[in-house]
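Colleague: Here's a structure for you.
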Amino acid sequence: MDKLLIEGGRPLSGEVAISGAKNAALPLLCAALLTREPLTLTNVPSLNDIGTMLKLLAQMGVKVTREKVGASGTVTLDASALDNPVAPYELVKTMRASVLVLGPLVARAGEARVSLPGGCAIGARPVDQHIKGLTAMGAEVSVEQGYVHARTTGSGGRLKGARLFTDMVTVTGTENLMMAGCLADGETVIENAAREPEVVDLANCLVAMGAQISGAGTDVIRIRGVERLHGATHRIMPDRIETGTFLCAAAAAGGQIRLTQTSASYLDAVIDKLMDTGCDITLERDAITLKAPARPLAVSIRTSPYPAFPTDMQAQFMALNAVAEGTAVIRETIFENRFMHAVELIRLGADIKIDGNTAFVKGVTKLDGATVMATDLRASASLVIAGLVAQGETLIERIYHLDRGYENLEQKLAALGASVRRVK
């Protein structure tokens, strides 16, 4: 199993291009299930989760064509021969986003059988909101032997438009129900909808395919169902979490970096907090430059749904605060069990106390390299940041988590002057 070896203590300097967003790409790949015509996606990142989703779609009968064009990838999906609306446990168990095939399959094929998902060990992320929404749209849904089995019962095999209110803000739930509503009979209204940029990116692609959607980016999304969607070409948005991770790495390790092919428009809460640490940040239309202070100041954060501070940046800011001047309070309100990286940061010399969903981080002047273990995707990123700062060598085990969400991470860090290499 691969590990990452980091020799810390080097400031970062230089320029690196940000990849397409994993959390936008996964639902966009599933959108191909809604049409018989080809859907072409550009700026597709090369990640393990993307590969898993493409395998899942291929076994359903989707023809997948994948090519590398420059720094980004292009994927064309042809679901005209869709013949197996099943998502088996073997493919779903490693990736929660597999549940995103549920809505499009029921809407297009009239039936779906999807294994209950797995993914990161950061707490329960139930699919009850997905099931509740599809049931309200007229689907007959049951959970049997670990699978969600849904089928349409109305005339013509179509879902019915409905008013849907989610009990909690759920990104995948919003995306699933929005895709289902595209081919439903009548209007579907999703209230308490997720407002994330990735939801907007999906809506933009669906509109390009002929869907009638309004309100994406607000908490009320309206979808007027159409009989069919057509093919389209869509460029995936830049990864805002990868962007934030590199900014945190430079803020902690020191130096000055410029990130290209990205935008600060999705990162207001993160940029504000980085400026509070003392970073000097310059924003361009599609680039961000960060100059780190001699030592960052501690900043307290509280995670909440977009546009507030993202839970996917919490671990990276814990690593930054570990070496900052002062004490920070970090409150995690989205997922339980998302402080598992704290124990590993403590192994490197961090001063962190956990009380329920709150972490108290007192900055120390230095961290020392050690062997640590990644527990989930964003926890992995926090350990990389800490390793860049720590004196001596840090060995990070279980980096398969990193490969799920960061494209060519060690190469990009090496281009910025870091000493990072993958070892077997």
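Read-outs: derived from the displayed coordinates by stated rules, not from any lab. All values reported here derive from a predicted model rather than from experimental measurement. All Cβ positions, glycine included, derive from the backbone under ideal geometry; neighbour counts span all protein chains shown.
Colleague: If you take the C-alpha gyration tensor of region 62-110, multiply each eigenvalue by 5 and take the square root, what semi-axes do you get, largest first, in whole Å? Display every interim value, and only then the final one.
Modeller: Numbers: eigenvalues 105, 51, 18 Å².
Equivalent ellipsoid of region 62-110: 23, 16, 10 Å, largest first.
Colleague: Could you list the square roots of 5 times each eigenvalue of the Cα gyration tensor of region 226-370, that is, the equivalent ellipsoid semi-axes, sorted largest first and rounded to whole Å? Each step should come with its number before you reach the end.
Modeller: Working: eigenvalues 173, 81, 32 Å².
Value: 29, 20, 13 Å, ordered largest first.
Colleague: Now, a different point. How big is the Rg/Rh ratio for region 1-83, C-alpha atoms only, Rh by Kirkwood, two decimals?
Modeller: On the way: Rg = 16.3 Å, Rh = 14.5 Å.
Radius of gyration relative to Kirkwood radius: 1.12.
Colleague: Using the Cα atoms of region 255-298, I'd like the radius of gyration and the largest Cα-Cα distance, Dmax, both in angstrom.
Modeller: 10.2, 29
Colleague: Can you run the Rg to Rh ratio on region 292-424? Use alpha carbon positions and the Kirkwood inverse-distance Rh. Don't skip to the end; give the middle numbers.
Modeller: Details: Rg = 14.1 Å, Rh = 14.9 Å.
For region 292-424, the value is 0.94.
Colleague: While we're looking at this one, here's another question. Too long at a 24 Å Cα-Cα cut-off: which of K362/K424; K366/K424; K3/K63; K55/K93? Mind dumping the intermediate values first?
Modeller: Details: K362/K424 34 Å; K366/K424 28 Å; K3/K63 34 Å; K55/K93 13 Å.
As for pairs spanning more than 24 Å Cα to Cα, those are K362/K424; K366/K424; K3/K63.
Colleague: Give me D for region 341-412 in µm² s⁻¹, whole number, from Stokes-Einstein with Rh from the Kirkwood sum over alpha-carbon pairs, 25 °C and 0.890 mPa s.
Modeller: On the way: Rh = 12.6 Å.
Translational D for this selection: 194 µm²/s.
Colleague: Would you work out the charge dipole size for the chain about its Cα centre, treating the Cβ of every Lys and Arg as +1 and the Cβ of every Asp and Glu as -1, and quote it to the nearest 20 debye? Working shown, then result.
Modeller: Values: 43 positive and 45 negative charges, 67 e Å.
Dipole size: approximately 320 debye.
Colleague: Along each of the three principal axes of the Cα atoms of the chain, give the extent in whole Å, ordering the values from largest to smallest.
Modeller: Largest to smallest, the principal-axis extents are 68, 45, 40 Å.
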